[in-house]
């Protein structure tokens, strides 16, 4: 992409974090090449065709690939979640880097002092006639949606450029998701979208600095009560597994359709242990709550997941190779530490401890076996996909769209009567749909469809 150069001290590139996703760039030693267009023609092409703001939308699916990442998402989530009130000085601190003529009318007066809500502060950067309704990343897809009354504040409604309710997170402003960025591009164009990305990222960084945001070892600490509950859940799971093994050994286990009794037992054991790990995660998540940085990052979609937190604080869980428990090793057992023919959870790669508590030597070894599969798999997949891509390029290189809308070979043989069967350019589509019907109707009706 074409960037505008700003000459600064030092011998390194400085890059706006919002443009990292399309480059897949991070700041751990990545290298880039810089090409400087020399002629007027080349400079004009760079500005009109390959400038960053002209490439916010992906040609693959027509959605934004430039948007907020990491701190931007955490910051804007912390700013907009639930309702908070700011004094004039706090509101001005948040909006310092945003071009603004005046503050909106205060939303409340406390002890004679005007106050602005967090939703008002965010609304200052939105276009004045923007209307949209959607559910945030933190939405749990309840059976009956409470809409405005959502406990998690996950029902986002923007009417006439005002955020009336809901939390802004990855779904709204994140790279590859960015519903607000996407709608702004479709209604107001690329320049306005580039400005809103700048404004959102600036506002998010100020918001995250207002409260501070750090993460350390003691952020995964649970109380004695939680550790007791986790221990109880895991002990019950191990007892349940042993009970099922006894039923199998007595020949009483009812096999599932199309499965042998042994396969049925293995599937049941994996299910029981998987549920146990999820339960430990729920216990840990309940204790930590939204006051915890890791939970904020997971819920907002900034980084990581509740599974990562489960494994750090609760229990690492079952290690698997090709979707099954670890079976290979010594004669009729995985390691010499176990009895022969032992089918128990410990003997086949179930890790009871958390990463914070630390693994014992057999657990560590099983974990290394599970991790090795991931490494091998990645290496194998890369070579396979590379060769597949090459074959596809060779097969498709002579296809073109003719003036009558058909796809033909260079010899004129028709491959498709209409390009993609719908005649839609993916870059001009809305996440693959030829027309953004939902967006158009929402803009007019100002309610969810």
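If you check residue 270 against the conditions, is it touching a strand residue (DSSP E or B) at 6+ places or on another chain (Cβ under 9 Å) and either closer than 30 Å to residue 81 by Cβ or surrounded by 13 or more Cβ atoms within 10 Å (Cβ to Cβ) (or both)? Yes, satisfied.
For the stretch 392-449, which positions are in contact with a helix residue (DSSP H, G or I) (Cβ under 8 Å, 6 or more places away or on another chain), assigned to a loop (DSSP other than H, G, I, E, B) and over 30 Å from residue 127 (Cα atoms)? Of everything in the stretch 392-449, those that are in contact with a helix residue (DSSP H, G or I) (Cβ under 8 Å, 6 or more places away or on another chain), assigned to a loop (DSSP other than H, G, I, E, B) and over 30 Å from residue 127 (Cα atoms) turn out to be 405, 406. So which residues in the stretch 273-287 are surrounded by fewer than 21 Cβ atoms within 10 Å (Cβ to Cβ) and over 30 Å from residue 253 (Cβ atoms), if there are any at all? Selection gives 285, 286, 287.
The residues of the stretch 328-380 that are farther than 25 Å from residue 247 by Cα and touching a helix residue (DSSP H, G or I) at 6+ places or on another chain (Cβ under 7 Å), listed by number, are 353, 354, 355, 356, 359.
The condition of being out of contact with any helix residue (DSSP H, G or I) (no Cβ under 9 Å at 6 or more places or on another chain) and in contact (Cβ under 8 Å) with a residue 60 or more places away in the chain holds for only one of 217, 245, 239, that being 217.
On the basis of being in the same structural domain as residue 244 (by TED's automatic domain parsing), crowded, with 16+ Cβ neighbours inside 10 Å and assigned to a helix (DSSP H, G or I), does residue 365 make the cut?
Values: in the same structural domain as residue 244 (by TED's automatic domain parsing): yes; crowded, with 16+ Cβ neighbours inside 10 Å: yes; assigned to a helix (DSSP H, G or I): yes.
Here the answer is yes, as residue 365 does meet what is asked.
Of the conditions (1) surrounded by 14 or more Cβ atoms within 10 Å (Cβ to Cβ); (2) within 30 Å of the chain's Cα centre (by Cα); (3) closer than 21 Å to residue 156 by Cβ, residue 51 satisfies every one except a single condition; which number is it? Only one criterion in (1) surrounded by 14 or more Cβ atoms within 10 Å (Cβ to Cβ); (2) within 30 Å of the chain's Cα centre (by Cα); (3) closer than 21 Å to residue 156 by Cβ is unmet by residue 51, namely (3).
A Cβ distance below 6 Å, combined with a sequence gap of six or more or placement on separate chains, defines the contacts here; from the stretch 134-159, residues that are more than 21 Å from residue 444 (Cβ to Cβ) reach residues that are part of a strand (DSSP E or B) in the pairs 136/156; 154/135. Confirm whether residue 397 is in contact with a strand residue (DSSP E or B) (Cβ under 9 Å, 6 or more places away or on another chain) and surrounded by fewer than 16 Cβ atoms within 10 Å (Cβ to Cβ). Taking the combined requirement at face value, the residue does not satisfy it.
The criterion of being in contact with a strand residue (DSSP E or B) (Cβ under 9 Å, 6 or more places away or on another chain), surrounded by fewer than 23 Cβ atoms within 10 Å (Cβ to Cβ) and in a helix (DSSP H, G or I) does not hold for residue 181. Tell me, yes or no, whether the stretch 15-28 has at least one residue that is over 20 Å from the mean Cα position of the chain (by Cα), in a loop (DSSP other than H, G, I, E, B) and more than 25 Å from residue 204 (Cα to Cα). Among the residues of the stretch 15-28, not one is over 20 Å from the mean Cα position of the chain (by Cα), in a loop (DSSP other than H, G, I, E, B) and more than 25 Å from residue 204 (Cα to Cα), which makes the answer no.
Given the criteria within 17 Å of residue 280 (Cα to Cα), assigned to a helix (DSSP H, G or I) and in the same structural domain as residue 267 (by TED's automatic domain parsing), does residue 313 qualify? Against the criterion (within 17 Å of residue 280 (Cα to Cα), assigned to a helix (DSSP H, G or I) and in the same structural domain as residue 267 (by TED's automatic domain parsing)), residue 313 qualifies.
Only residues that are within 14 Å of residue 75 (Cα to Cα) and either in a helix (DSSP H, G or I) or at pLDDT 95 or above (or both) were counted in the stretch 276-301, giving 10.
Going through 84, 60 one at a time, which residue ends up being modelled with pLDDT under 95 and under 15 Å from residue 116 (Cα atoms)?
On the way: 60 fails: under 15 Å from residue 116 (Cα atoms).
The conditions single out 84.
In the set (1) in a helix (DSSP H, G or I); (2) surrounded by fewer than 20 Cβ atoms within 10 Å (Cβ to Cβ), the condition left unmet by residue 74 is number (2).
The values are calculated or read from the model by the stated rules, or taken from the named source; none is laboratory data. All figures in this text were calculated on a predicted structure; none of them were measured in a lab. Using ideal geometry, Cβ is built from the backbone for each residue, glycine included, and neighbour counts are taken over all protein chains shown.
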